[in-house]
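Here's the structure we're looking at; comments come further down.
The values are calculated or read from the model by the stated rules, or taken from the named source; none is laboratory data. Just so we're clear, the structure is a prediction, and the values are computed from it rather than from any experiment. When we count neighbours, we look across all protein chains shown, and the Cβ atoms used for this are built from the backbone with ideal geometry, even at glycine.
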Amino acid sequence: MSTPPLASGPDGRDALRPLLGTVVDALAAGGRSRGGPLPAGGPETAAARIAEALGDVLPDDGDPDALRTLVHALAEGAADPSDPLCVAHLHCPPLAVATAADLAASALNPSLDSWDQAPAASALEAAVTRALAHAIGLADALVTTGGTESNQLALLLAREEHGGSIQLVCGANAHHSLSRATWLLGLPDPVVVPAPRGILDPAALHQALTRLPGPLLVAATAGTTDAGLIDPLPEIAGLCATHGARLHIDAAYGGGLLFSDRHRDKLAGLEAAHTVTLDLHKLGWQPVAAGLLAIARPHELAALHHHADYLNAQDDIEAGFPDLLGRSSRTSRRPDILKIAVTLKTLGRNGMGALVDQVCTRAREFAILVQEHPRFELYGRPVISTVLFRPTEATDAAVAAVRRRLLHDGRAILGRARPDGRRWLKATLLNPHTRPDDLAHLLKLVEGSTPR
Ligand SMILES: Cc1ncc(COP(=O)(O)O)c(C=O)c1O
């Protein structure tokens, strides 16, 4: 076998072009043979198909058809977020333009741990992160792998600012990554405040902040994982100011509302936070990973400073080379900012806002369909694009069984949530191409799969 070609350099274009043809054809063929939002047959069938396509993982002699075979198998066995009936999670269908930009990032492979590996990418990251932070009233932002890393970094910055005794106070509706981060960072276990009806109760928060000794870090949520609800941010910000508590807002889901003239007001209060988690692989149509942590006080980033002579020698910094190590706790880092920058510039704020409006409208329409259907119950009016619903009079076990049956048959991917002690089906609408007919079809499928 001759030496395989590289993705960049003088031969990159001629090498990549036919391979891209193979990839897009295999994606299409695999999707056709799946014929629905996910493969039928459940975990055993999916694993058997992959084992068959994979064969020997490291054969003595390579297989030139491996790209086609494995991309086809991956597409055939995918839970495809571009299918209107794939609505379980905050798992968005990426835009074609964002995915194409991500290919360029893979081809050039800039690594954002030092300027000499990423001259343009580091400048792009600095400009775009600042602009996104300014869009929500904060000063700067770090790029992360998603909401989990952003929440963890927020707690790390709080600990470095206020000490290891800092106490996290969050709602029962907060994402599990926050309590996990307290464990990882050696912080006290969080104090969990009730969140009746899915949002943090300000009266209970006031009591907790009055009772607890400082230092305190309150984490509020703009876009809860289970129901897409938004905590009363201005009220929470006011309580934090009164009690001298630091405020983090996890807007991993709801942050995308910033693009929409119609929905941006729901984020009022975000600008009062010390740190804000954003995540454009949710309501931002990016391939994973596209997380950000926005910060109000850039000087706090000094806590992340780290010296490694081969990456950020002091004399290089004095000579004007940017020190990138302090912009992440990772070392090698992909330029995930490229796909974000390309998407924002291609669509503009109006284009992004139209996508947000579209999925929020679909969620409202789906909620109305549920509400008007005599055999279904609606949890509540959607605030972003999540709709919780259940067949009337079904037991919790029956609700769980409907979901598993649809998964097993490869017909629909619905989520599940337990916001009030009862089990609900969850539809998280993130696909701007979904049509009202698709929603009616989804409801019919659920109705037809519910045991009587
Ligand atoms: C509110 C919220 N925060 C954080 C996360 C974690 O994000 P990621 O999966 O990108 O780490 C999620 C994931 O769904 C979320 O819903």
For this session: May I ask you to verify whether Ala139 is in contact with a Leu (Cβ under 6 Å, 6 or more places away or on another chain), in contact (Cβ under 8 Å) with a residue 60 or more places away in the chain, more than 13 Å from the ligand (Cβ to nearest atom) and among the aliphatic types (A, V, I, L, M)?
Result: no
Problem set entry | Any hit, segment 386-395, residues being within 19 Å of the chain's Cα centre (by Cα), of a type in the set (A, V, I, L, M), within 26 Å of Asn151 (Cβ to Cβ) and outside any helix (DSSP H, G or I) | yes
Exercise. Can you name the helices (runs of 4 or more DSSP H) wholly within segment 7-123 that have at least 2 residues being among the polar types (S, T, N, Q) and more than 24 Å from Arg416 (Cα to Cα)?
Worked result: 12-34, 96-108
Exercise. Residues Ser82, Ser33, Ser114: which one is within 20 Å of the chain's Cα centre (by Cα) and hydroxyl-bearing (Ser, Thr, Tyr)?
Worked result: Ser82
For this session: Taking the options Ile384, Ile340, name whichever one is under 24 Å from Leu257 (Cα atoms), modelled with pLDDT of 95 or more, in contact with a strand residue (DSSP E or B) (Cβ under 8 Å, 6 or more places away or on another chain) and among the hydrophobic types (A, V, I, L, M, F, W, C).
Result: Ile384
For this session: Sort out which residues of segment 152-181 are within 13 Å of the ligand (Cβ to nearest atom), touching a helix residue (DSSP H, G or I) at 6+ places or on another chain (Cβ under 6 Å) and closer than 21 Å to Leu292 by Cβ, and write them in order of number.
Result: Gln152, Leu155, Cys170, Ser177, Leu178, Ala181
Exercise. When only residues in segment 285-305 that are within 11 Å of the ligand (Cβ to nearest atom) and not in a strand (DSSP E or B) count, which is surrounded by the most Cβ atoms within 10 Å (Cβ to Cβ)?
Worked result: Ala290
Exercise. If you scan segment 143-174, which residues turn out to be more than 23 Å from Ile230 (Cα to Cα) and part of a strand (DSSP E or B)?
Worked result: Val143
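Here's the yes/no breakdown for (1) touching a residue at least 60 places away in the same chain (Cβ under 8 Å); (2) within 23 Å of the chain's Cα centre (by Cα); (3) in the same structural domain as Leu108 (by TED's automatic domain parsing):
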position: Phe321; (1), (2), (3): yes, no, yes
position: Arg327; (1), (2), (3): yes, yes, yes
position: Ser332; (1), (2), (3): yes, yes, yes
position: Lys339; (1), (2), (3): yes, yes, yes
position: Arg364; (1), (2), (3): no, yes, no
position: Gln371; (1), (2), (3): no, no, no
For this session: With respect to Pro93, determine if the residue is within 16 Å of the ligand (Cβ to nearest atom), crowded, with 16+ Cβ neighbours inside 10 Å and at pLDDT 95 or above.
Result: yes
Problem set entry | First in segment 159-172 and within 15 Å of Gly244 (Cα to Cα), second anywhere and assigned to a strand (DSSP E or B) and of a type in the set (S, T, N, Q), Cβ under 7 Å, 6 or more apart | none
Exercise. What number of residues in segment 222-247 are outside any loop (DSSP other than H, G, I, E, B) and either away from the ligand (no atom under 11 Å from the Cβ) or under 14 Å from the mean Cα position of the chain (by Cα) (or both)?
Worked result: 14
Exercise. Pairs under 6 Å by beta carbon, first residue in the same structural domain as Pro335 (by TED's automatic domain parsing) in segment 107-124, partner β-branched (Val, Ile, Thr), six or more apart or different chains?
Worked result: Asp113/Thr331; Leu124/Ile337
